[in-house]
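Beneath this line is the structure, given in structure tokens, with notes to follow.
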Amino acid sequence: MEQVIERIGLTLSGMGMPRMAARVFAAVLVSEQGRVTSAELAATLRISPAAVSQAVQYLENVGMIARDREPGRRRDHYRLLSEHWYEQMFTSRDRMLVAIEGDLTAAVGAIGVGSAAGQRLDETRRFFAYLRGELPKLIERWREREAASGHAEQA
């Protein structure tokens, strides 16, 4: 399991997630119970409680995990905010896509499309606009596919 966690963590880190947060997320993702305590995360990943705290704070802030506490208990448990966390990764990118599209639009306006640089910028802007429009449709098609296959009920 350790290698699986490290491999997923490394991939998520390569996609821009902070390394420790990526490892913590991977540990939560692969946990059989679907939830883990800070102490379990520290032991599994061989990291300090402070590193766990910083990583879970990041993951909570970006909407990937949630913190729960059983009534009468002192320990917090961390779980995926949604079983469909991978959808969140793409839908949260919308803000980034809107921002880059706006920056590119401004750049094209400043430079103009008459130059090679302006044409590259405009093509890049059109690509991000297209991607932003297609992502919600792609997620919806995925949901329909899962529902049709019967997998959606198993999740």
Open item on the list: For region 29-68: of the residues being of a type outside the set (Val, Ile, Thr) and touching a His at 6+ places or on another chain (Cβ under 7 Å), which is nearest to Gly9 (Cα to Cα)?
Closed with: Arg35
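Residue by residue, here is whether (1) buried (at least 16 other Cβ atoms within 10 Å of the Cβ); (2) in contact with a Lys or Arg (Cβ under 9 Å, 6 or more places away or on another chain); (3) within 20 Å of Leu41 (Cβ to Cβ); (4) of a type in the set (Asp, Glu) holds:
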{"residue": "Glu60", "(1), (2), (3), (4)": "no, yes, yes, yes"}
{"residue": "Pro71", "(1), (2), (3), (4)": "no, no, no, no"}
{"residue": "Gly118", "(1), (2), (3), (4)": "yes, no, no, no"}
{"residue": "Leu121", "(1), (2), (3), (4)": "yes, no, no, no"}
{"residue": "Leu135", "(1), (2), (3), (4)": "yes, yes, no, no"}
- [ ] Being outside any helix (DSSP H, G or I) and either basic (Lys, Arg) or closer than 15 Å to Arg79 by Cβ (or both) is the filter here, so list the residues in region 1-42 that pass it.
- [x] Ser31, Glu32, Gln33, Gly34, Arg35, Val36, Thr37
Open item on the list: Please return the ranges of helices (runs of 4 or more DSSP H) entirely within region 85-155 where 1 or more residues are of a type in the set (Val, Ile, Thr), more than 27 Å from Phe25 (Cα to Cα) and at pLDDT 85 or above.
Closed with: 93-111, 116-149
TODO: Scan region 11-29 for residues that are farther than 14 Å from Val62 by Cβ and at pLDDT 95 or above and jot them down.
DONE: Arg19, Arg23, Ala26, Ala27
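The values are calculated or read from the model by the stated rules, or taken from the named source; none is laboratory data. In this text the structure is predicted, and so the values were computed from the model without any measurement. Don't worry about glycine lacking a Cβ; one is built from the backbone with ideal geometry, like all the others, and counts go over all protein chains shown.
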